[in-house]
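The values are calculated or read from the model by the stated rules, or taken from the named source; none is laboratory data. Since the model is a prediction, treat every value here as computed from it, not as a measurement. Cβ sites come from the backbone with ideal geometry, for glycine too, and all protein chains shown count toward neighbours.
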Amino acid sequence: MTSLTISSWNIQGLNASAFGSKVNDPDFKHRLHNVDIQILLETWSRAQDDPQTPVGYREFSVPAQKDKSIKQGRHSGGILIWYKEELHENIKAIKKGDSHIWIKISSSVLTSQSDIFLCAAYIAPPESPYSKTDTYEVVQSEASHFQSLGHVLLYGDLNARTGREKDYVISDGNTYILGAANYCQESIQVQRNSYDNTTNKSGRKLLNLCRSLGLYILNGRTKGDSLGRYTLSSHVGNSVVDYAITDMNSTHINAFTVTPQTHLSDHSQLLLYIKSSNKPSSKPHQSGLYNLPPSFKWTRHSTIAYREVINRPDIKDQLTVFQNHTYVLSPQGVNQAAKDLHSILHTIAETSNIKKVNFKKSSNKQPNKWFDKECRTLRNNLRTVSNKKHRDPDNIDLRITHGVLQKNYKQILKKKKQNLISQNLQQLEEALQDNSFWETWSQIGSGSKKKHLHIQNGNIWLNYFKSLYKDIPKEELTGEQEHIIRRLHELEEKIKDFQNPLDTPITPQEVAEKIQDLRSKKASGMDGILPEMIKHGSPEVHTAICKVFNLVLSVGFYPQVWNQGLITPIHKSGDQYDPANYRGICVSSTLGKLFNSIQNKRILSFLTQHNVLNRSQAGFMPNHRTTDHIYTLHSLIKDHVHNTKHGKIFACFVDFKKAFDSVWHPGLFLKLLESGIGGKTYDVIKSSYNENFCSIKVNGKRTEYFRQARGVRQGCSLSPTLFNIYINGLAEALESSSAPGLTLHDTEVKFLLYADDLLLLSPTERGLQDSLEVLEKYSAAWALPINQKKTKVMVFQRKNAKTKSSCFTLNDCTLDEANSYTYLGLETNRSGSFKPAIEALRDKARRTFYAIRRNLYKLKPPVRVWLKIFDSVITPILLYGSEVWGPITYPDQPKWDTSPTEIFHLEFCKHLLQVHRSTSNNACRAELGRLPLLLAVQKRALSYWDHLNISSLNSYHHKALLANKDHPKPCGLQQLISTLIIQNPHEGNLTKYQIKALINDSRENYIREWRHDIANSKKLTIYQSLQREYKLAPYLEVLQDPKDRQILSRYRLSAHSLEIESGRHRQTYKSRENRLCQHCDQEALEDEVHFLLQCPKYSALRETHFQRLSALIPDFTSIEETRKLHIILGEEEPAVKISAQYVAECHRLRGT
């Protein structure tokens, strides 16, 4: 008889300070093996924390609690229930409390005819501040209700000791009492045993609950635990506090066990085996999965070895033979040439001893790099003693030995982990000025960061992607689509071979240029060719590549080995068992991508030269960026809304459904021919699409290949251009429609198009509806599905203007009207204000920063590493689009300091320095050598001004620039330019050197203002005396411990609690002369000088540390107080550590 295995384990926190996540520990994985339902108690996890759900499981959770009166320390409690995906239809969460959760297990997977209502509970001990007096009453009331619906199972850590007392009502004499025989619990046949003889108050409550509801305790009377083993063993003692309690007939239970204790928790894991007649199969579906070929792994040392081998005579001979060989001008010849080139490149890599890596399934091996042989030996010893203690739990010697071994084991783990952290930090610091910083960054940390797919069934993935990329069946083609196919065949026969301006041979210069653009450290395709194998190739290798490329072009056939893609599904959001919530990332041949990048440059040049693409298209086009359309839209809103009486713009933000994946191939081929792209170039593109096959990567293997019959190829540089060609017909149809547009300088704007982001615009309601009808007709003919729920209408108008509801339809569906919409990454509202966008960017940046901080909390990176992370990761989020919104919203320094962007920047600075919010903004920035982000905005704005001026005269953003220049009132960007260059901004373009010089001037101006502000600040007297340069303070680099840095920062920046500062506060205000030291009788002003150099309370500390300082600085005791204070506050690098210790000890003594 099979069993449904249910585990309950008080894990005492999902994460351990010594070794990180317990979920990754091999002992934990071993205990989870073959468990159907895993209940974890005391997870200490908050609602926002990652549940770390293992692959193949779903979860229910109860977040840990934090009492408002308890300011410090972790959260308490927390429950996680992981259950196998196969049980999803048979398990349901039905009720939650603060310390328990009820789930229903369907009888369809049980031998019992009734459902089981399982209560997973963690009840805090009575002495805990989280204990509630009515918990047992609540559970009893709920259990009584669920008994009317099925069987009840209470399972978890109840912090109750029940000894050996009876948990049932004695049935003797029931026959003499009227009704008792009908309603009283049946006599329990097996007496309950227990190693724990103690009964406490909570235990008596639990026993009363059992007697009242007719429940019985499985501990001590069930196969597997007939002795009633201890469930908790700690330095305090042993006890039974974890229980399984039920009213099920014992014939439905196979066994119940208490497992030996591990280092993961003081509690033992409980395992309950309930008889199951129809449990869904838990074996992963691996049918139809194939091994992936091994791939090369390029390291820092590979380059030298690779170049040495490539210059060997035998390799040169192979390349010469390849170059001299004449291949047949046919698909077979192309395939053979590509195969031979791959063979040569593989030979070079293998001879260079470049390591080959096999794709492996996830295993239960220890993922932590620091877990070495010594750790494994200690773990094995601990397991052995733990098993002995489990068999002989009352043996004091074993208990003591186990405690000593476990303590030693955790100390060793902590030490090993700390050593690795120190090495990682050292490597990070060494890589700060090196291109290897992010490579080093990605390798730090001790745990495995690899995300595994929750869907392990290859057939589910195969069917999903097949459905996504399937062609339109012939019987479903519309009349318009049948016409498109006929038209395609007609053009292929008549004009295809005559449209061949792009068929000229590929030159070695074109190949060399694109090889330089190849990005290293990228995955190889199924052919195993890494970008480095091409980049570091010899001229002969590059000549061989050029030969293959020209053969491909002259035949018009794309090699089969380039036409195999491997899709890796990446979870976006939502249910991880729904494949629609994943985005497929496809990796294909590097050589194929290199060839397509050359083709893409040629095609883009052709399209630009012949003005093929509509000027509204800005997506993926040379000399275009997302901010172009943002700038154009804002200019239109300014002209037609804010500068026009009762002005309005009717707009519709169109959301295409998986636009790139929906491209209909016959339609794409027709668009290519209509755009003038034919000849062999057309043949190669068509070949690459007709014979494009993909497989899906699942758990280190791949599915069978399937043909991608729709959508553009992923990861191919040619794909965005092909999409622009495909959607260009829509742009032409909209532009030629009768719907009125918006005037912009000397042109009319009806829409803005950036790849698949379409914004329809009209000055009238009727005009917008007309454009929607054009869109509806085109999308139906060219198979471009629209997500009508996400397509939104917005009416741009002045902030206080009266709103009038309008009705717009698309495909017979009324579109929703929105008050705001995120367009090209920036939130846009009805009035066109950028303030919501700036706040949204601030929120995204803050969320990113604190996510990084959580991951690095225990790593404690140096200050310079934090600054690098902020500039590289956080600043691009904060300043996205700031070249447009910055000059308009916050044009100068005083206003900029009130912006959400700079406020968060200051929040980061103060967080890094660990000083309070009211600390001087200017001083905090200067301490870190940080300039206001306004300077970065100004630099972006200057570059963008230059970009606007040199843009195509016909582009919308250039027209917007001209419209702004013609307006009597200069726009924010013009005002900023005028301020910075103090000349007529209409004349001339700015070079990079001029921009750099202007920003340097801004920097010097700011620093002059900073010096003036610091000099006139009454609060920053000490900071003034330091006479600092505007750069990162040396002590922030010397001191590695944040706590040491914090103490110096607080006293340098006057962010302390000395009377000189606390007397300023409104609640405790004192006049300056009354802010006297309360720790001595000198009646002196308690400022930094008195505290650190004069107050007798600290004289002993002063004597000790000043002697140490004198050893480093011989004349220390005799120098003037001002310089002495500079040294104590960290201005002399050799003395920083001693100074920090001295200030910290004085600070602690003052607090006593």
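Here are some residues: ILE1119, ILE1127. Which one is of a type in the set (A, V, I, L, M) and either touching a strand residue (DSSP E or B) at 6+ places or on another chain (Cβ under 6 Å) or buried (at least 17 other Cβ atoms within 10 Å of the Cβ) (or both)?
Values: ILE1119 fails: either touching a strand residue (DSSP E or B) at 6+ places or on another chain (Cβ under 6 Å) or buried (at least 17 other Cβ atoms within 10 Å of the Cβ) (or both).
The match here is ILE1127.
Pairs are defined by a Cβ separation below 8 Å, a sequence spacing of at least 6 or placement on different chains, a first member in the range 337-357 that is over 30 Å from LEU553 (Cα atoms) and in the same structural domain as PHE296 (by TED's automatic domain parsing), and a second member that is among the aromatic types (Phe, Trp, Tyr) and in a helix (DSSP H, G or I); the pairs so defined are SER352/TYR306; ILE354/TYR306.
Within the range 94-112, take every residue that is assigned to a loop (DSSP other than H, G, I, E, B) and under 36 Å from the mean Cα position of the chain (by Cα) and give me the one that is surrounded by the most Cβ atoms within 10 Å (Cβ to Cβ). Can you show your working first?
At the first step, the residues of the range 94-112 found to be assigned to a loop (DSSP other than H, G, I, E, B) are 97-99, 106, 110-112.
From the residues that got through so far, the ones that are under 36 Å from the mean Cα position of the chain (by Cα) too are 97-99.
Working: GLY97: 16, ASP98: 18, SER99: 26.
Once the filter is applied, the top-ranked residue is SER99.
Looking across the range 473-502 at every residue that is part of a loop (DSSP other than H, G, I, E, B) and free of Cβ contacts under 8 Å to residues at least 60 places away in the same chain, the one that is surrounded by the fewest Cβ atoms within 10 Å (Cβ to Cβ) is identified as PRO473.
Test THR246 against the criterion of being at pLDDT 95 or above and more than 27 Å from PRO54 (Cα to Cα), and give yes or no. Taking the combined requirement at face value, the residue satisfies it.
Tell me the residue from SER467, SER442, SER362, SER448 that is modelled with pLDDT under 70, closer than 28 Å to PRO579 by Cα and not in a loop (DSSP other than H, G, I, E, B), please.
Working: SER467 fails: modelled with pLDDT under 70; SER362 fails: not in a loop (DSSP other than H, G, I, E, B); SER448 fails: not in a loop (DSSP other than H, G, I, E, B).
Every option except SER442 fails the conditions.
Just wondering, is there one or more residues in the range 774-782 that are in the same structural domain as ILE725 (by TED's automatic domain parsing) and touching a Cys at 6+ places or on another chain (Cβ under 9 Å)? Yes: one or more hits.
Of the residues in the range 678-706, how many are of a type in the set (Gly, Ala, Ser) and in a helix (DSSP H, G or I)?
Kept after step one, since they are of a type in the set (Gly, Ala, Ser), are these residues of the range 678-706: 678-679, 687-688, 695, 700.
So of that shortlist, the ones also in a helix (DSSP H, G or I) come out as 679, 687-688.
Residues that pass the stated criteria total 3.
Among the residues of the range 742-758, those that are aliphatic (A, V, I, L, M), over 13 Å from ASP639 (Cβ atoms) and either modelled with pLDDT of 95 or more or buried (at least 22 other Cβ atoms within 10 Å of the Cβ) (or both) comprise LEU752, LEU753, LEU758. Taken over the range 73-93, the criterion of being without any contact (Cβ under 8 Å) to a residue 40 or more places away in the chain and part of a loop (DSSP other than H, G, I, E, B) is satisfied by GLY73, HIS75. A search for C-beta distances below 7 Å between a residue of the range 192-203 that is in contact (Cβ under 8 Å) with a residue 12 or more places away in the chain and any residue that is of a type in the set (Val, Ile, Thr) and not in a loop (DSSP other than H, G, I, E, B), counting only pairs 6+ apart in sequence or on different chains, returns ARG192/ILE217; THR199/THR162; GLY203/THR162. Filtered by the rule that a residue be small (Gly, Ala, Ser) and in contact (Cβ under 8 Å) with a residue 60 or more places away in the chain, the range 780-805 gives ALA780, ALA781, ALA783, ALA801.
Among the residues of the range 113-168, which ones are part of a strand (DSSP E or B), within 19 Å of ASN90 (Cα to Cα) and hydrophobic (A, V, I, L, M, F, W, C)? ILE116, PHE117, LEU118, CYS119, ALA120, VAL152, LEU153, LEU154, listed by residue number.
ILE70 fulfils the conditions (1) in a loop (DSSP other than H, G, I, E, B); (2) touching a strand residue (DSSP E or B) at 6+ places or on another chain (Cβ under 6 Å) except for a single criterion, (2). Evaluate the following for ILE412: is it under 30 Å from VAL865 (Cα atoms), among the aliphatic types (A, V, I, L, M) and not assigned by TED's automatic domain parsing to the domain that holds LEU859? Against the criterion (under 30 Å from VAL865 (Cα atoms), among the aliphatic types (A, V, I, L, M) and not assigned by TED's automatic domain parsing to the domain that holds LEU859), ILE412 qualifies.
Specify which of the listed residues (LEU772, LEU760, LEU752, LEU768) is closer than 14 Å to LEU810 by Cβ and part of a strand (DSSP E or B). Steps first, answer last, please.
On the way: LEU772 fails: part of a strand (DSSP E or B); LEU752 fails: closer than 14 Å to LEU810 by Cβ; LEU768 fails: part of a strand (DSSP E or B).
Result of the check over LEU772, LEU760, LEU752, LEU768: LEU760.
The set of residues from the range 392-405 being over 46 Å from the mean Cα position of the chain (by Cα) and charged (D, E, K, R) comprises ASP392, ASP394, ASP397. Residues that are without any contact (Cβ under 8 Å) to a residue 60 or more places away in the chain and surrounded by 17 or more Cβ atoms within 10 Å (Cβ to Cβ) number at least 1 in the following helices (runs of 4 or more DSSP H) confined to the range 987-1100: 992-1015, 1059-1062. Do we have any residue at all in the range 39-53 that's among the β-branched types (Val, Ile, Thr) and modelled with pLDDT of 90 or more? Yes, the range 39-53 contains a residue that is among the β-branched types (Val, Ile, Thr) and modelled with pLDDT of 90 or more.
Looking at GLN269, GLN318, which is the one that is surrounded by 13 or more Cβ atoms within 10 Å (Cβ to Cβ) and either over 44 Å from the mean Cα position of the chain (by Cα) or in the same structural domain as ARG391 (by TED's automatic domain parsing) (or both)?
Numbers: GLN269 fails: either over 44 Å from the mean Cα position of the chain (by Cα) or in the same structural domain as ARG391 (by TED's automatic domain parsing) (or both).
After applying the criteria, what remains is GLN318.
Counting residues that are outside the structural domain of VAL511 (by TED's automatic domain parsing) and touching a Cys at 6+ places or on another chain (Cβ under 9 Å), which helices (runs of 4 or more DSSP H) fully inside the range 529-620 reach at least 3?
Details: elements: 531-535, 539-555, 590-609.
Correct list: 590-609.
Return the residues of the range 215-225 that are free of Cβ contacts under 8 Å to residues at least 60 places away in the same chain and over 13 Å from THR259 (Cα atoms); say none if nothing qualifies. Show your work before the answer.
Restricting attention to the range 215-225, the residues satisfying the condition of being free of Cβ contacts under 8 Å to residues at least 60 places away in the same chain are 216-225.
Of everything in the range 215-225, those that are free of Cβ contacts under 8 Å to residues at least 60 places away in the same chain and over 13 Å from THR259 (Cα atoms) turn out to be TYR216, ILE217, LEU218, GLY220, ARG221, THR222, LYS223.
If you check LYS844, LYS895 for being modelled with pLDDT under 90 and basic (Lys, Arg), only one passes: LYS895. Being exposed (fewer than 14 other Cβ atoms within 10 Å of the Cβ) and either touching a Leu at 6+ places or on another chain (Cβ under 9 Å) or part of a loop (DSSP other than H, G, I, E, B) (or both) is true of PRO505. The residue that is surrounded by the fewest Cβ atoms within 10 Å (Cβ to Cβ), among those in the range 547-605 that are within 22 Å of TYR726 (Cβ to Cβ) and of a type in the set (Ser, Thr, Tyr), is SER605. Across the range 219-238, the qualifying residues are those that are surrounded by fewer than 21 Cβ atoms within 10 Å (Cβ to Cβ) and closer than 26 Å to LEU382 by Cβ, and the one among them that is farthest from the chain's Cα centre (by Cα) is LEU227.
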